[in-house]
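Visitor: Provided herewith is a single structure, encoded as structure tokens, for subsequent inquiry.
Bear in mind these aren't lab numbers, they're just calculated from the coordinates by the rules spelled out. Every value quoted in this text rests on a predicted model; they were computed, and no experiment measured them. Reconstructed Cβ throughout: ideal geometry from the backbone, glycine too, with neighbour counts over all protein chains shown.
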Amino acid sequence: MQTPKITADRIREYLSSGKRFDGRGLGEFRDIVIETPVSVKAEGSARVRIGKTEVIVGIKMDVSEPYPDSPNKGNLMVTGELLPLSSSRFESGPPKFPAIELGRLVDRGIRESGFIDFEKLCIEEGKKVWTVFVDVYSINDDGNILDAAAIGALVALKNAKIPRYDEESGKAVYGELTDVSIPVSEEVPIVTTVYKIGDSLVVDPTLEEQDVCETKVTIGGTAEGKIFSMQKGDSKELSIDEMAKVLELSKESKKEVLSKIEEYMK
Amino acid sequence: MAEFKRPDGRKVDQIREMSAEVGVVPNADGSAKFSFGKTVAIAAVYGPGKMHPQHSQNPEKGTLRCNYNMISFSVTDRIRPGPSRRSTEISKITEWALEPVLMIKKYPNMVIDVHIHILQADASTRCAGINAAALALAHAGIPMKEMVSSISIGKLDKQLVVDVDKDEEDWEEGEGATDIPITMTQSDKITHIQLDGKITDEELKQAIELAKKATKEVYEVQKKALKESVNLEGGNK
């Protein structure tokens, strides 16, 4: 069920006077709760709750051939699954656009930031490298699955351990994790999305708010203002002034998110 | 018999530590989590709702539609997301295990969707899934004649054991491992049984007796979880 028009109008009306239904400020996130692990069978995993929104993210690794254009680098593969379990809006079947968008935005947020040192995931140049699978599943959708997924990916990558590599067979030995972590940088890239509703800009919308949103900008970067990846979604236009505000709000929200997840990134 | 050692040191009729909780997915009409030791399943119920497409509607009774899936990182070797032959079969088996207790005739032309996901697998996943699904249906307030509870009985070489874990599933000594997942109602009716391995009819009868006793223990855990979810001032939490 979509948000009814009367609620949508009220959301816009509230926002125009700087208020939200749940009393948050426009640039304020809901509480973020993180649990690890979700599965002891995974190389790393995390459960992220932002308000009533919940996702789980798991890391699996496998030995595979490198891509011809990067013979000395490991690979990254991010998949997003919007489970029908998490909302009556999602249907089973092949992934539809929102699930693909989710996977790709999280993928680029991590890849472009250089968070993972892919060269250290090379086992034998041109022949064997590690592929890191990041799988995101939605458990309950109350808006902003995207930012939750990106946080989950960071925490799961940070706590992941690489499986043992058997040189004779050239394969990974599952169930035998080494104590070697995935090589990640100190600098934590954060993916947050700014949504435009009416003339207001907000972060971390609830599902009702997300329904009313006309455009959004997803930015991967650091709390200091470095930007590594960016994508505008949905068709409504943004003015240059608004874009500047988006960047400002994005930076502020990254600081907030970082302070909330910092203890899990040590 | 008494000296039989299970890999994790359990008694032959001892179930791993169970836990159950309802209401784990706020969006759903009913939801639950059930675990046997390291095996963790969650289930969510949506419905009854209108069946689409229309030609799938059954005017005689409602349709129960289950979907069993293992999360890609629930096992040591990553599972490719999406349905497999195994998950399709287990989905159907789960429908058959649950439908006998559901008063589904009340919902002609409607569908009840049950989504089951295995978050962490250490064997007996379908049993954990069925237990979670039964809880989620009850939590959704779908009228049920009684509860169903599921347990796997194993035969390791010649020894029958209750609640098989992964080490036991891969048992190779002697006659190897036989895996018998069984689902029973509170009135001891069998709504689901499968078997892979090698067993005599006498042993199978014993296995069913063990299941009868074990499902009672599972039921107590399910009942407790449901009771805890009910607010004493009335209504669900």
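Visitor: Averaging the inverse of every distinct alpha carbon separation and then flipping it gives the Kirkwood radius. What is it for the protein assembly as shown, in angstrom units?
Guide: Value: 24.5 Å, from the Cα pair sum.
Visitor: Would you list the P(r) distribution for chain B, with all Cα-Cα distances sorted into 10 Å bins from 0 and each bin expressed as a whole %?
Guide: Bins of 10 Å from zero give 8, 32, 35, 18, 6, 1 percent of pairs.
Visitor: Summarise the partner chain shielding of A:54-60 as one whole number: the mean count of Cβ atoms from other chains within 10 Å of each residue's Cβ.
Guide: Per residue, the number of nearby Cβ atoms from other chains is 4 on average.
Visitor: Tell me, what is the FRET efficiency for B:His52 and B:Val12 to the nearest 0.05, using R0 = 35 angstrom and their Cβ-Cβ distance as r?
Guide: Efficiency, from the Cβ-Cβ distance: 0.15.
Visitor: Sticking with this one: Give, in nm to one decimal, the length gained when the segment between A:Glu168 and A:Gln2 is fully stretched (0.36 nm per residue of separation minus the Cα-Cα distance).
Guide: 54.2 nm is the gain from fully extending A:Glu168 to A:Gln2.
Visitor: Something else about it: Past 22 Å, Cα to Cα, is the threshold; run B:Lys189/B:Lys216; A:Lys5/A:Lys196; A:Lys52/B:Lys50; B:Lys105/B:Lys216; A:Lys96/A:Lys245 against it and keep the listed order.
Guide: Correct reply: A:Lys52/B:Lys50; B:Lys105/B:Lys216; A:Lys96/A:Lys245.
Visitor: What is the spin-label model distance, in nm, from A:Asp117 to B:Ile190 if the labels are put 7 Å beyond Cα along the C-beta direction?
Guide: 5.9 nm
Visitor: For helix B:201-229, what angle does its Cα long axis make with the longest principal axis of chain B, in degrees from 0 to 90 and rounded to 10?
Guide: That helix lies at roughly 50 degrees to the long axis.
Visitor: Restricted to Cα positions, what overall size does chain A have along the principal axes? Three whole-Å values, descending.
Guide: For chain A, the Cα spread along each principal axis is 66, 36, 33 Å.
Visitor: List the residue ranges in chain A for DSSP H helices whose C-alpha atoms run 15 angstrom or more along the long axis and whose Kyte-Doolittle average is -0.5 or above.
Guide: Within chain A the helices that satisfy the rule are A:97-111, A:145-159, A:240-261.
Visitor: Find, among the GluC sites (Glu not before Pro) in segment A:138-183, those assigned to loop by DSSP (not H, G, I, E, B) with at most 16 other beta-carbon atoms within 10 angstrom.
Guide: Here the sparse-neighbourhood loop sites are A:Glu167, A:Glu168.
Visitor: At most 12 other Cβ atoms within 10 Å and a DSSP loop assignment: could you name the GluC sites (Glu not before Pro) in segment B:167-208 that fit?
Guide: Qualifying residues, ordered by number: B:Glu172, B:Glu173.
Visitor: If you don't mind, another one. Which of the trypsin sites (Lys or Arg not before Pro) found in segment A:113-144 are in a DSSP loop and have at most 14 neighbouring Cβ atoms, other than their own, within 10 Å?
Guide: Working: sites: A:Lys120, A:Lys127, A:Lys128; in loops: A:Lys127.
In loop regions of segment A:113-144 (DSSP not H, G, I, E or B), the sparsely surrounded trypsin sites (Lys or Arg not before Pro) are A:Lys127.
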